[in-house]
Amino acid sequence: MNILNIKDWGLGIHPSKEKPFLISGPCSAETEEQVVQTCTQIAHLGVDVLRAGIWKPRTRPGSFEGIGIKALPWLIEAGKQTGKPVCCEVATPQHAEEAIQHGVDILWIGARTTVNPFAVQAIADSLKGIDIPVMIKNPVNPDLELWIGAIERIAQAGITKIAAIHRGFSVYNTPKYRNQPQWEIPIELRRRISNLEVICDPSHIAGERAFLYEIAQHALDLDFDGLMLESHITPDTAWSDAKQQVTPQDLETLLNQLITRQLDTDNLDYLNKINQFRALIDNLDTQTLHLLSERMEIVRQIGLYKKESNIAILQIDRWLDVREGALKKATSYHLSEDFVEDIINTIHKESIRQQTTIMRKDS
Ligand code: PEP
Ligand code: MN
């Protein structure tokens, strides 16, 4: 895919590993003072782009659904006063047209819009021939293909200034965070589209400001390309997402606490040590594969033997014993039970698959 990095969007933004790309501003534009004051108070904190929701897709009717077009000049004014580019969410071609007409610099497609290919296509069609950056949030459901599909629709409209935003995935019961990060999904997105920059939105993952720091730090530890953090002059009285927004002061504290990480170094001591560790890991991975191969060989022999003796592949009691046995050993090997459970389930699934092939083969 033909994708330009954020530094090449022509907006004078030059993120680095030491200073990742940062978007901040209120969840929603509520009043002109609230937008302008929030933005002017955060502008000096290393914020690259200001945000404010103009149209708000809300889960239930009756909630505040955004000021709409009347709030666009407020965001533009905040941009003028601070000299920063501004961005807002668009959910329809009309939103996109109005945002662009008013001078919004970057658009983003929200999680509730990314789920709908018709809606994304309609926005993509309306952007044909327009040179504006578009950021695409993940769909609310953990469906990587849908996320990639939305990115492709925007790219096929000729847009090259594209980034993705990871804002977590909704589940029925929210154990801790409002949206589950499922970090493996944005990681897989980066593997699939390696030239795509991915920004993390800790605010919508967290749902509560107490969790923002740990999520933002984890995103930096995983080498995300930037952060989107909601801020508000008086978050407690915000008209949307009150619990997850932070004051400009709290944003500053949070940013100061974050540790940025390098991808590489030319420190020879580090390089020697890491190479030694990696040789050990490679060796252990080879041994693990060797053991798995030996295990599967026995599994196939058992499969043949069961077939000859006309015995079912699965004996549930034996499987429960194997599983239980592995789980019991987890702690003494310093492995988490979840991890051991995943591994033994995967091994067992493959064993059944191997024996099924043997059973079905004409003898
Ligand atoms: C937002 O950024 O305010 C927003 C509505 O986010 P999401 O689409 O991630 O829910
Ligand atoms: Mn929000």
*Given H placed on each backbone N at 1.01 Å, which residues far from M135 in sequence or on other chains put an amide H within less than 5 Å of it?*
L107, W108, I109, A163
_Cα gyration tensor shape of region 142-273, rounded if a/c is under 1.5, else prolate or oblate by comparing a/b with b/c_ = oblate
*Please tell me which of these pairs span more than 24 angstrom C-alpha to C-alpha: K84/K137; K307/K328; K17/K243; K176/K329; K56/K84?*
K307/K328; K17/K243; K176/K329
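What accessible area per residue comes out for region 268-360, rounded to a whole number of Å², with a 1.4 Å probe?
Numbers: 7490 Å² over 93 residues.
Normalised by residue count, the accessible surface of region 268-360 is 81 Å².
What order do you get for 158-170, 116-128, 306-318 when each peptide is scored by the mean count of other beta carbon atoms within 10 Å, highest first? Provide the component values of the computation, followed by the final result.
Numbers: 158-170: 22.2, 116-128: 17.1, 306-318: 10.7.
Highest to lowest by the protection proxy: 158-170, 116-128, 306-318.
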*asked:* Which aspartates and glutamates, if any, have their Cα less than 14 Å from the Cα of K273, not counting same-chain residues under 8 positions apart?
replied: D264
*Given R₀ = 35 Å, FRET efficiency for S309-L289 by Cβ-Cβ distance, to 0.05?*
0.70
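When ranked by the protection proxy of mean other Cβ atoms within 10 Å per residue, highest first, what sequence do the peptides 63-76, 254-267, 34-47 form? The partial results should precede the final answer.
Working: 63-76: 18.2, 254-267: 11.1, 34-47: 20.8.
With the highest mean Cβ count within 10 Å placed first, the list reads 34-47, 63-76, 254-267.
Rounded, prolate or oblate for region 274-363? Axes are the square roots of the Cα gyration tensor eigenvalues, ordered a ≥ b ≥ c, and the cut-off for rounded is a/c under 1.5. Working shown, then result.
Details: a/c = 3.40, a/b = 1.64, b/c = 2.08.
It comes out oblate by the Cα gyration axes.
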*asked:* Taking a virtual spin label 7 Å from the Cα of K7 along the C-beta vector, which residues in region 168-211 bring their backbone nitrogen under 18 Å of it?
replied: 194-199
*asked:* With bins 20 Å wide starting at 0, give me the P(r) of the chain over every alpha carbon pair, in whole percents.
replied: 25, 46, 24, 5, 0
*Shape call, region 86-185: gyration tensor on alpha carbons, a/c limit 1.5*: prolate
*Each residue of region 70-75 in order: what ³J(HN,Hα) in whole Hz does its phi give by Karplus 6.51 cos²θ - 1.76 cosθ + 1.60, θ = phi - 60°, with x for Gly and Pro?*
4, 8, 4, x, 5, 5
_the chain, relative contact order in percent, only Cα pairs under 8 angstrom and at least six apart counted_ = 14 percent
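How long is the gain from R191 to I130 if the chain were fully straight, where each residue apart is worth 0.36 nm and the alpha carbon distance is subtracted? Write out the running numbers ahead of the final one.
Working: separation 61, 0.36 × 61 = 21.96 nm, distance 2.82 nm.
This chain segment gains 19.1 nm when fully extended.
Out of all DSSP beta bridges with both ends in the chain, state the antiparallel percent to the nearest 5.
Values: 1 of 29 bridges.
Antiparallel bridges make up about 5 percent of those DSSP assigns within the chain.
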*Where does helix 268-309 land angle-wise versus the long Cα axis of the chain, in degrees 0 to 90, nearest 10?*
50 degrees
*Determine the gain in length on full extension of the stretch K329-Q301; use 0.36 nm per residue of separation and subtract their C-alpha separation, reporting nm with one decimal.*
7.5 nm
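The values are calculated or read from the model by the stated rules, or taken from the named source; none is laboratory data. No experiment lies behind these values; they were computed from the predicted model shown. In this analysis, Cβ positions are derived from the backbone assuming ideal geometry, glycine residues included, and neighbour counts consider all displayed protein chains. With ligands, DNA and RNA removed, areas are computed over all heavy atoms of the protein, side chains included. Shrake-Rupley method; radii C 1.70, N 1.55, O 1.52, S 1.80 Å.
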